[in-house]
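Worksheet: the structure to be examined is printed underneath.
The values are calculated or read from the model by the stated rules, or taken from the named source; none is laboratory data. Nothing here was measured: the structure is a model prediction, and the numbers come from that model. Here the Cβ positions follow ideal geometry from the backbone for every residue, glycine too, while neighbour counts run over all protein chains shown.
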Amino acid sequence: MSATNREVILGIGGGIAAYKSADLLRRLQDNGFAVTVVPTPNSLNFVGAATWQALSGRPVTTQVWEDVDQVRHISLAKLADFFIIAPATADLIARLAMGRADDLLTNLVLASAVPKLVVPAMHPSMWLDPATVANVATLRSRDFIVMEPEVGRLTGSDSGQGRFPQTQSIIDQFFVLSGFKRDLVGKKVLVTAGGTREAIDPVRFIGNRSSGKQGIAVAKAAAARGAMVHLIAANVEIADCDGVLTTHVESAEQMLAELEKSFTDTDILVMSAAVADAKPKSSSTQKIDKSEFSSIDLQVNPDLLATLSTKKVKQVMVGFAAQTSELIASAKSKLVSKGLDLIYVNDVTGGAIFGQDETEGTIVLRNGELIPIIRQSKDTLAHHLLDYALEQLG
């Protein structure tokens, strides 16, 4: 699938399993999908609209009569590339099978022809009732993908088939539905993230504002697409990613040492870390009294990308440029001088982008092509970058 086809409507039915869909929402976002949550009115008894708005970063409405000027039952339907309805109660499944349109979610289902994944969760006696069995068969005959609920403990002491599936099972099924590729299986992806720090003394350093969010987003995206991922993280305050080998470093020299260990066996290198250009010529082992500060003599740090490019054989190298002026010219110059295959450049005037969850800028390819990136999540950009890196890899 294209990196741009990532708009998901997440419908929430009125069952106790609604709270589990909060994790599903996060995992979809981690894989670069933009999610609009549409809860049924009854589902708000379990998880409120404020929770969905906070997690999705988008407005949440449940009825056709809310925000009427936006005609959301049509505008959202046109926006969506996929539907996931999780949890789907017996009542919601029945209404979908009958083609009813008595809330925003059921209106959207009727107004949209995109693929739809239904994730049932209910008591076993309701799941096995002939009415539900017939309704599920009806939905499947209309090309809905209806998952089988899991067997396990339910509300109270009951157990049986009706339990909401594990998040990963839903994600795996959704990947099949959406055509989301595991196109990096067997590939090795090396990613740097964060900002290096160059010690002045034990408590002071030369550093920058990089949070590491973009590099971590790339590492997660590559892992989700099946790659073996090594993340070299410089001074990030974000927890290590599941399924990603993470090495923590502090300085530019430490990062270079780790890169040189792994680069020759790498298919794609994504250098999103902000590496300090210079460091103090000498670093004190004791805290320097402020009265002793007069100047700091600097020396140039090694150029990590330029060093690695001399050892490049098959690797696709992705770079970043944070600029405040002449963005495209600077990016093109860096792309050539560092031996890169593509580069992402953005405007960081006034500290913009650093530490934020969203980004905007331009991808510059080796052939000179420019791909504008409108404001979007760093998770989404991560998939764009990997898509173009794969094209360069051939």
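Could you tell me which residue of the range 54-86 is nearest to Met126 (Cα to Cα), considering only residues that are outside any loop (DSSP other than H, G, I, E, B) and in contact with an Asp or Glu (Cβ under 8 Å, 6 or more places away or on another chain)? Don't jump to the end; show me each part of the working.
First pass over the range 54-86, keeping only residues outside any loop (DSSP other than H, G, I, E, B): 54-56, 68-70, 72-79, 82-86.
So of that shortlist, the ones also in contact with an Asp or Glu (Cβ under 8 Å, 6 or more places away or on another chain) come out as 72, 79, 82.
Values: Arg72: 32, Leu79: 33, Phe82: 27 Å.
Here the answer is Phe82.
Return a yes/no flag: does the range 5-24 have any residue that is among the basic types (Lys, Arg), assigned to a loop (DSSP other than H, G, I, E, B) and closer than 19 Å to Leu139 by Cβ. I'd like the intermediate steps shown before the answer.
The initial filter retains those residues of the range 5-24 that are among the basic types (Lys, Arg), namely 6, 20.
From the residues that got through so far, the ones that are assigned to a loop (DSSP other than H, G, I, E, B) too are 6.
Then drop every residue that is not closer than 19 Å to Leu139 by Cβ, which leaves none.
Within the range 5-24, not a single residue is among the basic types (Lys, Arg), assigned to a loop (DSSP other than H, G, I, E, B) and closer than 19 Å to Leu139 by Cβ.
I'd like to know if the range 338-347 contains one or more residues that are hydrophobic (A, V, I, L, M, F, W, C), more than 19 Å from the chain's Cα centre (by Cα) and more than 28 Å from Lys188 (Cβ to Cβ).
no
On the given criteria, is Thr167 surrounded by 14 or more Cβ atoms within 10 Å (Cβ to Cβ), hydroxyl-bearing (Ser, Thr, Tyr) and touching a helix residue (DSSP H, G or I) at 6+ places or on another chain (Cβ under 9 Å)? Working first, answer last.
Working: surrounded by 14 or more Cβ atoms within 10 Å (Cβ to Cβ): yes; hydroxyl-bearing (Ser, Thr, Tyr): yes; touching a helix residue (DSSP H, G or I) at 6+ places or on another chain (Cβ under 9 Å): yes.
The answer is yes for Thr167.
So how many residues does the range 128-141 have that are free of Cβ contacts under 8 Å to residues at least 40 places away in the same chain and of a type outside the set (A, V, I, L, M, F, W, C)?
4
Right, Thr51: polar (S, T, N, Q), modelled with pLDDT of 90 or more, at negative phi and outside any helix (DSSP H, G or I) or not?
Spelling it out, it is not the case that Thr51 is polar (S, T, N, Q), modelled with pLDDT of 90 or more, at negative phi and outside any helix (DSSP H, G or I).
Taking the condition exposed (fewer than 14 other Cβ atoms within 10 Å of the Cβ) and under 30 Å from Leu305 (Cα atoms), does Val203 pass? Show your work before the answer.
On the way: exposed (fewer than 14 other Cβ atoms within 10 Å of the Cβ): yes; under 30 Å from Leu305 (Cα atoms): yes.
Here the answer is yes, as Val203 does meet what is asked.
State all residues of the range 164-223 that are more than 18 Å from the chain's Cα centre (by Cα) and charged (D, E, K, R); if no residue qualifies, say none.
Selection gives Lys187, Lys188, Arg197, Glu198, Asp201, Arg204, Arg209.
Can you name every residue in the range 379-394 that is within 14 Å of Ala227 (Cα to Cα) and among the acidic types (Asp, Glu)?
Asp387, the sole residue that qualifies.
So, Ser43, is that one surrounded by fewer than 23 Cβ atoms within 10 Å (Cβ to Cβ) and assigned by TED's automatic domain parsing to the domain that holds Ala18 or not?
Values: surrounded by fewer than 23 Cβ atoms within 10 Å (Cβ to Cβ): no; assigned by TED's automatic domain parsing to the domain that holds Ala18: yes.
Considered against the rule, which asks whether it is surrounded by fewer than 23 Cβ atoms within 10 Å (Cβ to Cβ) and assigned by TED's automatic domain parsing to the domain that holds Ala18, Ser43 comes out as no.
Across the range 102-127, which residue is farthest from Ser21 (Cα to Cα) among those that are among the hydrophobic types (A, V, I, L, M, F, W, C), surrounded by fewer than 20 Cβ atoms within 10 Å (Cβ to Cβ) and touching a residue at least 24 places away in the same chain (Cβ under 8 Å)?
At the first step, the residues of the range 102-127 found to be among the hydrophobic types (A, V, I, L, M, F, W, C) are 104-105, 108-111, 113-114, 117-119, 121-122, 126-127.
If we keep only those that are surrounded by fewer than 20 Cβ atoms within 10 Å (Cβ to Cβ) as well, we get 110-111, 113-114, 126.
Narrowing the set further to residues that are touching a residue at least 24 places away in the same chain (Cβ under 8 Å) leaves 111, 114, 126.
On the way: Ala111: 23, Val114: 21, Met126: 21 Å.
In this case the residue turns out to be Ala111.
Answer yes if at least one residue in the range 228-251 is surrounded by 15 or more Cβ atoms within 10 Å (Cβ to Cβ), in contact (Cβ under 8 Å) with a residue 24 or more places away in the chain and over 36 Å from the mean Cα position of the chain (by Cα), and no otherwise.
For the range 228-251, residues surrounded by 15 or more Cβ atoms within 10 Å (Cβ to Cβ), in contact (Cβ under 8 Å) with a residue 24 or more places away in the chain and over 36 Å from the mean Cα position of the chain (by Cα): absent.
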